[in-house]
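Following: one structure in structure tokens, then a few remarks.
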Amino acid sequence: MNIKEQNIIFLNSISLIASENYSFYYDFSDIYFSDIWWRYSFLENKLFQKSFPWHEQITKLHEKVINDFKKLLKSSFLTISPLSWMNALLSILMSFTKYWDLVYFIPVEFWWHSSSTKIAEKLWLRIKYIPFDNNTKKINFNLFRNELEKDIPKLIYVDQMTWIYPISLLKIKDIVDNNNIITYNDISHNWAFVISWFHCNPLNDWYLMFWWSTHKTIPWPQKAFITSNNELLYNKLIENLNFLVSNNNPINIFILWKVLSKMDWKWNEYTSQIIKNSFYFSKKIKELGFELVYDWLNFSQNHQVLFFTEPILKSNIFFKKLSNIWIFVNFLPLPFSNWRVGIRVWLQEFTFLWWKEKDLDILINIFRDIILNEEINLLSNKNIVSNLKKELLIYFKNSN
């Protein structure tokens with residue numbers, strides 16, 4: 001593998017991929033060249049924490065990050081021990097369920113993450129799916145209430161890994177409360193919107209706990225978080241996390257601290273611009289004749305735009321032509337559309353670099369060029385993409 005070539009691609013490309021937020025990487029050089037990368041840490045296991053005398057600085061920073069998040073989210077208890085989305089889900093299921101307990105999930109065609117039920121099956125849990133209305137594409141709460149009264153599950157897990165708009169559980173609050181059902185919300189793609197209050201905080205929307213993974217609407221580090229206002233549930237979770245997670249990965253906590261510092265007071269501006277960009281980009285995609293997958297009201301209420309290029313152009317050809325000029329998007333089967341293969345674009349990365357609508361026009365013009373011309377000028381379009389990326393990086397660096 002040639003690292004130099006990979007860096008050239010990075011510095012001259014546009015990534016519109018959901019899990020990639022990294023464009024101000026040069027700000028982390030002090031962290032990367034410190035000893036933090038190689039250190040082992042036990043941040044919430046007090047017994048082992050005392051065995052590592054160098055822990056003092058990391059522990060202080062860990063506490064600061066937690067306190068900052070609790071203020072942003074108005075929550076009482078929060079852990080940043082989970083290493084990733086899957087690690088957090090495994091921790092939740094192992095902490096609050098046992099063999100043959102019943103757990104409700106979002107059905108696959110309505111956008112749950114494909115690994116959710118696979119993890120539950122490995123733990124020998126019984127699985128049922130929350131009923132949806134095929135016409136409105138929303139939960140059928142009348143049917144759901146009837147099922148819950150019969151089933152009394154241990155946990156309801158609302159997985160929003162790629163969902164366009166938030167899901168409230170207000171309509172089943174009485175059943176949940178009366179039967180001690182744990183309600184758990186994954187807001188991995190929406191959590192910056194919760195911080196800025198564009199989306200309702202799940203703790204105010206009748207969930208007992210919620211969690212999210214980073215590197216989506218929060219830039220850069222790969223981590224996961226779990227928060228709650230219920231002390232008993234939180235303590236039980238921490239008890240399990242102490243043997244489910246060993247090294248808490250302190251370098252990502254340091255990076256997260258830096259991200260929070262850089263984004264202080266900017267969350268509203270950032271998320272409102274994401275929505276403006278998503279709406280504008282969706283509108284332009286529709287004008288090109290592409291078929292959008294959206295919420296029928298605002299095109300998108302977060303950072304994603306999903307569309308099909310047929311019959312104008314086959315999606316795999318469109319994807320390949322974009323890749324050839326170093327514009328990177330996802331090409332994959334889309335749920336909520338009978339698994340048709342389409343294009344997934346996410347606008348959080350360059351919105352974080354303060355990308356405005358005028359910059360989106362450059363991409364739309366490239367898309368139009370691909371539609372109108374069987375052969376496009378690779379060198380010319382690569383130069384356009386490269387110049388845009390460099391301008392964005394310079395602008396971001398100067399503005400910080």
Subset of the stretch 199-214 that is crowded, with 21+ Cβ neighbours inside 10 Å and not hydroxyl-bearing (Ser, Thr, Tyr) - its residue that is farthest from Val259 (Cα to Cα): Leu208
When residues of the stretch 137-153 are filtered for being assigned to a loop (DSSP other than H, G, I, E, B) and either more than 22 Å from Asp101 (Cβ to Cβ) or of a type in the set (A, V, I, L, M) (or both), how many remain? 4
In the list Leu260, Leu237, Leu256, Leu241, which residue meets the criterion of being surrounded by fewer than 19 Cβ atoms within 10 Å (Cβ to Cβ) and either of a type outside the set (Asp, Glu) or in contact (Cβ under 8 Å) with a residue 12 or more places away in the chain (or both)? Leu260
Which numbered condition Asn249 misses (of (1) on the phi > 0 side of the Ramachandran plot; (2) outside the structural domain of Leu155 (by TED's automatic domain parsing); (3) in contact (Cβ under 8 Å) with a residue 40 or more places away in the chain): (2)
Residues satisfying the stated conditions in the stretch 372-383, i.e. surrounded by 13 or more Cβ atoms within 10 Å (Cβ to Cβ) and free of Cβ contacts under 8 Å to residues at least 40 places away in the same chain: Asn383
Residue hits (the stretch 327-337; over 22 Å from Ile218 (Cα atoms) and either without any contact (Cβ under 8 Å) to a residue 60 or more places away in the chain or assigned to a strand (DSSP E or B) (or both)) are Phe331, Leu332, Pro333, Leu334, Ser337
Can you work out which of the residues in the stretch 338-371 that are of a type in the set (Lys, Arg) and under 23 Å from Asn277 (Cβ atoms) is surrounded by the most Cβ atoms within 10 Å (Cβ to Cβ)? Arg344
Could you please tell me which pairs satisfy a Cβ distance under 6 Å, a separation of 6+ or placement on different chains, a first residue in the stretch 354-371 that is closer than 21 Å to His303 by Cα, and a second residue that is buried (at least 16 other Cβ atoms within 10 Å of the Cβ) and at pLDDT below 90? Ile362/Leu388
Counting only residues in the stretch 312-326 that are in a loop (DSSP other than H, G, I, E, B) and either touching a residue at least 60 places away in the same chain (Cβ under 8 Å) or among the charged types (D, E, K, R) (or both), the one surrounded by the most Cβ atoms within 10 Å (Cβ to Cβ) is identified as Ile325
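The values are calculated or read from the model by the stated rules, or taken from the named source; none is laboratory data. These figures come from a predicted structure and were not determined experimentally. With ideal geometry, Cβ positions are generated from the backbone for all residues, glycine too; neighbour counts draw on all protein chains shown.
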